[in-house]
Structures are given as structure tokens and as C-alpha cells.
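The values are calculated or read from the model by the stated rules, or taken from the named source; none is laboratory data. Here the structure is a predicted model, which means the values were calculated and not measured. Here the Cβ positions follow ideal geometry from the backbone for every residue, glycine too, while neighbour counts run over all protein chains shown.
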Amino acid sequence: MPATSASSFAVADLVLFFGSLLAVMAIGLQASRREKTSEEFFLAGRSVRWWGVAGSIFGSNISANHLVGMLGIGYSIGFAQSHFELGAIAALMLLAYGFLPVYRKLGVFTLSDYLGRRYDGRSQSLYAVILILVAVVQLTGGFYIGSRSLGSLLEGSGIELSYAQGIIALALITATYTIVGGLKAVIYTDVMQSVLLLAAGIAVAVFTFAQPEVGGWSGMMTADAARPLAEQKMHLYLPSNHPDLPWSGALSGLLILHLFYWGTNQTIVQRALAARSDQEARVGIVVAGFGKLLIPFFAIGGGVAAAQLFSARLTHTVIEPDAAMPELIKLVVPMGYGLFGLIMAGLIGAILSSIDSLVNSASTLVTFDLYKKYINPEATDRQLLPLGRWVIAILIGGSAVLALATYDPTGGGNFFLRVSSQAGHFTPGLVVAFALGMFWRRAAAAGSFWSIVLGPVFSLLVVKVYAIAASSSAGLTSLLGTDLNFLHRVMATVVFCVVVHVLVSRRSTLDTERASHTFVALSGVEPQVLIATLRNVAILLIGLLLLGLVVDRGAMSPLAAAVIGGVAAGCPFVPALRRAGPARWLWDDRFWSATLCSATVFLLFRFF
């Protein structure tokens with residue numbers, strides 16, 4: 001099938017595409033009509049239903065970075081990228097049953113507010129500044145990948161956009177409803193955009209796997225298995241010295257990044273804070289988790305299929321990973337039926353949902369943790385709402401300018417991994433501060449402060465130290481590679497931050513009031529129940545590691561291990577479900593959490 005041309009680009013495609021964008025803006029503006037207080041603007045009045053939590057979490061996460069980046073990495077590296085999806089489930093469970101009960105019990109607006117209550121204002125302010133910087137990095141990348149994809153998809157439509165024009169268009173569309181509407185507008189539009197995203201992603205995958213050069217999922221798997229082992233792409237575990245996605249990093253540093261993103265990240269957790277009840281928040285989180293399990297099949301697996309298709313059909317064309325998805329869409333999607341417009345709407349919807357979520361959450365941090373705390377503690381809603389809107393406008397405008405100044409729209413490489421690596425310098429100290437603060441009563445304010453401050457310093461230093469050590473050690477190079485992978489760097493930094501936090505905390509005086517803001521004190525869970533649960537999880541993890549070793553030795557097939565591991569993964573939820581009774585399982589979020597965990601572990605072994 002030929003690539004898109006001006007003659008084949010249908011009017012129906014443009015109608016569906018621009019109609020979807022207008023619908024998104026209309027929904028956002030409609031949702032904004034009742035936003036009169038700061039709680040309504042920043043937390044949607046704490047009235048969001050489970051489907052809104054699920055749709056907004058999924059839409060905020062599965063941005064253009066994901067939709068384009070995941071397929072691009074599947075195309076260039078392979079199915080191992082699925083660790084970015086499968087590993088998220090563990091962090092979602094920790095959010096739902098560990099962190100969220102504490103956040104909601106305290107009624108916080110921002111997660112930095114928790115650090116302020118658990119430690120002091122220093123940790124609170126550091127969190128706000130770091131999260132704002134991370135948001136700007138992600139916003140800048142979102143504008144880059146969004147404009148690049150939009151320009152590629154509109155080729156031949158008669159309304160081609162330059163890179164700069166695409167960024168301006170995305171900024172204006174997002175600003176239209178985000179500035180006016182607040183979190184409720186963001187959540188409602190995220191739900192719509194999540195539906196468009198899933199429809200678009202699945203449609204592209206269906207058309208891709210239908211190509212004769214691919215031959216469906218089974219054909220792709222057969223073709224991949226026929227390659228030499230070093231060239232196969234449908235395995236989750238790459239060598240520990242792999243430059244991009246080593247298995248050792250995926251099971252260590254990447255899990256830390258997941259804990260930050262899903263459990264301590266204002267952008268994601270703000271949606272759960274806006275739920276009308278704890279139950280609705282948990283259900284929304286679990287449903288979003290099931291959505292995450294779809295990504296490896298239609299995005300990452302679709303990228304592997306795209307590599308097979310491009311090698312067979314575009315033999316003389318070099319396609320960069322970040323350009324793989326737009327080129328694939330133009331290659332496989334039939335024209336003249338409006339499908340191309342629907343898929344474009346899904347892709348741009350993914351971009352908008354990430355941008356609007358990031359700016360709304362960053363605005364919340366600036367408004368409450370910087371302005372209200374240090375500049376005007378007596379600020380009223382009449383002062384906070386205009387400030388929040390101005391901050392959104394500045395963030396959108398500034399990030400758009402940065403995208404123009406810092407990114408090359410024709411550049412190569414894997415954009416998604418680059419952004420993840422940049423954020424990984426700042427997040428380990430925050431993860432340690434939250435985790436120890438939640439589950440260790442002795443965690444002190446000074447320990448939190450120094451682990452957050454020294455974390456980025458150590459992160460930069462360990463890379464240089466490793467380079468020196470690797471230059472004189474062939475064994476180290478063969479184990480971890482010539483350069484220290486950013487996932488290994490993250491894990492090393494976390495270990496350092498834990499040591500700093502514990503040592504400093506033990507030398508500090510215990511503040512009994514702040515020490516009461518822990519999971520045991522606020523969740524209502526008895527200490528012995530928590531200890532028993534942690535013991536069961538530890539036993540499960542050790543068992544899964546041993547099972548993986550058995551498969552690696554060839555003593556058991558991946559499918560058999562997947563069945564055993566999948567059943568075992570649901571066991572930590574059994575005591576709670578037994579107390580609830582089988583008659584209530586279908587209405588119990590813990591039953592669906594157990595199912596989600598079982599499905600995740602099954603996949604981790606099935607594609608061993």
C-alpha cells in the first residue's frame with residue numbers, strides 16, 4: 001500500500017480530525033462553567049467518579065511520548081520496552097493500597113504538602129521545584145514529538161504545518177480549555193482522548209498485523225523466532241550490558257522510576273486525590289492498570305511488526321524511531337473512509353492529554369507550595385484562581401519556546417528513553433523520602449532534605465566514576481556495559497539516598513508529631529497485618545526470581561512458568577478476599593487487583 005498522498009487524503013479524514021479537536025475544546029469549556037473555588041479548579045471538587053480517575057490517569061500517562069515513543073522503541077529495540085508498562089502495575093498497587101490512603105486521609109492538595117507535614121518546608125519546596133522542572137522537560141518533549149508527528153501526518157492534506165506552526169497550534173488548543181477549566185476540564189477531556197487513543201492505537205495495530213509481510217501476531221512471532229537469537233525482538237529480557245534496556249536495570253532502577261511516577265508524581269496522583277471516595281479512587285487506578293496491559297500488544301508489538309514491514313517494503317528508506325509511527329500510519333491505514341482522521345485525532349489527543357495534565361499539576365504546585373506558602377499565606381480563592389491560570393499560560397508558552405529552541409525536528413534516537421534518563425537524575429531522592437516517610441517512623445526532616453539534595457549530585461558523579469572504572473576493567477564492561485545505563489544509575493542513586501536518609505535520621509531527634517504521618521498511623525491497618533502482607537510479598541518476589549532462574553536454565557518452559565507465576569501473583573490478596581467472601585469478589589477492587597497482578601506476571605514469563 002502506498003504512502004499517503006495529496007490525492008488520497010480524504011475530506012472525511014480532515015472532518016473527523018478537526019471535529020475531534022473541536023469536541024475536546026467544547027467538552028473542556030463546558031466542564032469549566034462551575035469552577036469557582038480553588039478546590040474545584042485544582043481538584044475538581046473531589047467529586048470525580050472511578051471512570052474519570054481511570055481515563056485521566058491513562059490519558060495523562062499514555063501521551064505522545066508513549067504512543068509514538070513506545071512504538072519507536074519496539075521498532076528499534078523490541079518487546080523489552082514492555083517493562084515500562086508491566087512494571088507500572090506494581091507501583092499502581094503501592095499507590096492504591098499504600099500511599100493513597102495516607103494522602104486522602106490528610107486531605108492534601110499536593111504531594112509536596114505531604115512532605116511538608118511529614119518532614120518540613122525544605123522537602124516540600126524541593127519537591128515542588130523538582131516536579132516543576134520535570135514537568136517543563138516533559139512538556140517541551142511533548143510539544144516536540146507532537147509537532148513532529150502532526151506535521152508528518154498532515155503531509156498531502158493541503159494544510160501542511162511547519163514544526164513551529166505545529167507547536168503553536170498545540171499550545172493554543174491546550175490553553176483554550178486548560179486555563180479556563182482546571183482539573184475537571186482536564187479529566188473530562190482526558191477520558192475522551194483516552195478513548196480516541198485506544199481506538200487509534202488498536203486500529204493501527206490491526207492494519208499493521210493485517211499486512212501480508214507481517215502475517216498477524218503469529219506470523220510476526222514466527223518470523224522473529226527464525227532470526228538469530230541476538231537479532232530477535234520479542235523477548236523481554238536483554239543482556240545486563242545492553243546499552244538501552246538491560247534486564248537488570250528493568251528489574252531495579254526502572255521500578256524506582258515507576259514508584260516515582262505512579263506513587264509520588266503530582267500529575268498522576270492528583271487524579272486519585274480528586275475522586276469522590278477511596279473506593280472510587282482505587283477502582284479507577286486498577287482500571288487504568290488494565291489499560292496499561294494493552295500497550296505492549298498494540299504499540300510495542302506493533303513497533304516490532306513495523307520493523308518487519310519496513311524492511312520488506314521500504315528497503316531503501318531509513319526511518320528514525322521517533323518517525324516510525326507516523327510513517328507506519330501513512331503506510332498501512334486505508335484512505336477515504338475517515339479512519340486516517342480518527343487515528344490522527346487519537347494521536348493528537350494523546351499529546352493534548354499529557355500537556356494539559358502536566359500544566360495543571362505544575363500550576364497547582366506553584367500556586368500552593370510556592371505562592372501561598374512563601375508569598376501570600378492568606379491568599380483567597382479570588383487570588384489563587386487567576387494566579388493558577390497565569391501559571392498555566394506561562395508554562396505552556398515557555399515550554400513551546402523551549403521545544404523550538406532545543407529540539408531538532410529531524411533528529412534521530414529514542415526520544416522516550418532520553419526524557420526518562422533526564423528525569424532519573426532528580427527522582428531517586430524523592431522516592432526515598434516518600435517511602436521511608438510512609439513506612440519508617442524514625443525518618444527525619446534532615447534525612448529527607450539531604451537525600452533529595454545529594455541524590456542528583458551522586459547521580460552525576462556515579463556516571464563519571466563508572467566510566468573510569470570500566471576503562472580499566474573488562475569484567476565490569478562485560479557485566480554492565482561500556483557506559484553506565486541510566487536504569488543502573490537510578491538504582492545506585494537510590495541505594496545512596498537510602499544510606500544518607502537513614503544515617504542522618506538516626507542522628508536526628510524524633511519529632512513525634514511528624515512521625516504520626518505514617519501509613520500505620522493514618523491508614524487504620526494494624527502493624528501486624530502490614531508486616532504479614534510485606535512478608536507475603538517478599539516471599540512471592542523471591543519465588544518469582546527463583547522461577548525466572550529455572551526458566552533461564554532451560555529447566556521449564558516460559559509458558560509453564562507464566563501459569564505458575566500468574567497464579568502465585570494473586571496470592572497476597574487471598575486473605576483479604578477470604579474475609580470479604582466469594583459473593584462480593586466481583587465488586588471488590590482487591591479481586592480485580594489480584595487479577596491484574598496475575599496477568600502482569602503471566603506476561604513477564606510468557607515473553608521471557
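Filtering segment 541-567 to residues that are within 27 Å of the chain's Cα centre (by Cα), within 21 Å of S252 (Cα to Cα) and of a type in the set (A, V, I, L, M) leaves L541, I542, L544, L545, A562.
Within segment 564-608, being among the aliphatic types (A, V, I, L, M) and buried (at least 16 other Cβ atoms within 10 Å of the Cβ) holds for I564, A568, A569, A576, L577, A594, L596, A599, V601, L603, L604. Against the list (1) in contact with a Leu (Cβ under 8 Å, 6 or more places away or on another chain); (2) without any contact (Cβ under 8 Å) to a residue 60 or more places away in the chain, the condition S451 fails is (1). Against the criterion of being closer than 30 Å to V102 by Cα, in contact (Cβ under 8 Å) with a residue 40 or more places away in the chain and polar (S, T, N, Q), S248 does not qualify.
Per the conditions (1) polar (S, T, N, Q); (2) out of contact with any helix residue (DSSP H, G or I) (no Cβ under 7 Å at 6 or more places or on another chain); (3) within 30 Å of L131 (Cβ to Cβ), the sole criterion not satisfied by S311 is (3). For V359, the stated conditions do not hold, so it cannot be described as over 19 Å from the mean Cα position of the chain (by Cα), assigned by TED's automatic domain parsing to the domain that holds V191 and in a helix (DSSP H, G or I).
The numbered conditions (1) assigned to a helix (DSSP H, G or I); (2) out of contact with any helix residue (DSSP H, G or I) (no Cβ under 7 Å at 6 or more places or on another chain) are all true for E378 except (1). Filtered by the rule that a residue be in contact with a Phe, Trp or Tyr (Cβ under 9 Å, 6 or more places away or on another chain) and assigned to a loop (DSSP other than H, G, I, E, B), segment 476-499 gives D483, L484. Of all positions in segment 79-95, at least one carries a residue that is on the phi < 0 side of the Ramachandran plot, at pLDDT 90 or above and among the acidic types (D, E). Going by the conditions given, is A230 of a type outside the set (S, T, Y), in a helix (DSSP H, G or I) and surrounded by 16 or more Cβ atoms within 10 Å (Cβ to Cβ)? So A230 does not fit the description; no. Among the criteria (1) within 26 Å of A323 (Cα to Cα); (2) buried (at least 24 other Cβ atoms within 10 Å of the Cβ), the one S76 does not fulfil is (2). What about G142, is it surrounded by 23 or more Cβ atoms within 10 Å (Cβ to Cβ) and free of Cβ contacts under 8 Å to residues at least 24 places away in the same chain? When the stated conditions are applied, G142 does not pass them. Counting only helices (runs of 4 or more DSSP H) wholly contained in segment 238-297, the ones carrying 2 or more residues that are at negative phi and outside the structural domain of S361 (by TED's automatic domain parsing) occupy 247-250, 253-263, 266-273.
Of the residues A580, A538, only one is modelled with pLDDT under 95 and either within 19 Å of T600 (Cα to Cα) or acidic (D, E) (or both); which? Answer to the selection: A538. Note on segment 516-527: residues that are assigned to a helix (DSSP H, G or I), surrounded by fewer than 18 Cβ atoms within 10 Å (Cβ to Cβ) and of a type in the set (A, V, I, L, M, F, W, C) amount to 3. Within segment 191-227, the set of residues being of a type in the set (G, A, S), exposed (fewer than 15 other Cβ atoms within 10 Å of the Cβ) and over 24 Å from G291 (Cβ atoms) comprises S218, A225, A226. Considering only residues that are closer than 18 Å to D278 by Cβ and not polar (S, T, N, Q), look in segment 502-525 and name the one that is modelled with the lowest pLDDT. Looking at the filtered set, the residue picked out is G524. Being closer than 23 Å to I173 by Cα and buried (at least 17 other Cβ atoms within 10 Å of the Cβ), is that true of even one residue in segment 373-381? There is no residue in segment 373-381 that is closer than 23 Å to I173 by Cα and buried (at least 17 other Cβ atoms within 10 Å of the Cβ).
Could you list, in sequence order, the residues of segment 296-331 that are of a type in the set (V, I, T) and under 20 Å from H66 (Cα atoms)? Residues satisfying the conditions are I300, V304, I319, I329. Taking the criterion of being surrounded by 13 or more Cβ atoms within 10 Å (Cβ to Cβ) and outside any helix (DSSP H, G or I), the only residue of segment 537-556 that qualifies is M556.
State whether the residues of segment 500-515 include one that is in the same structural domain as F439 (by TED's automatic domain parsing), assigned to a helix (DSSP H, G or I) and without any contact (Cβ under 8 Å) to a residue 24 or more places away in the chain. The answer is no; no qualifying residue exists. Restricting the first member to segment 558-573 and to residues that are in contact (Cβ under 8 Å) with a residue 24 or more places away in the chain, and the second to residues that are part of a helix (DSSP H, G or I) and among the basic types (K, R), the beta-carbon pairs closer than 7 Å and six or more apart or on different chains are P558/R606; L559/R606; A562/R606; F573/R590. Tell me yes or no: at least one residue of segment 410-433 is over 24 Å from the mean Cα position of the chain (by Cα) and more than 14 Å from S123 (Cα to Cα). Scanning segment 410-433, I find at least one residue that is over 24 Å from the mean Cα position of the chain (by Cα) and more than 14 Å from S123 (Cα to Cα), so the answer is yes. Checking segment 560-572 against the condition returns a match, with at least one residue being of a type outside the set (K, R), farther than 27 Å from R282 by Cα and in a helix (DSSP H, G or I).
Residues that are within 24 Å of the chain's Cα centre (by Cα), assigned to a helix (DSSP H, G or I), buried (at least 20 other Cβ atoms within 10 Å of the Cβ) and β-branched (V, I, T) occur in segment 450-462; there is at least one.
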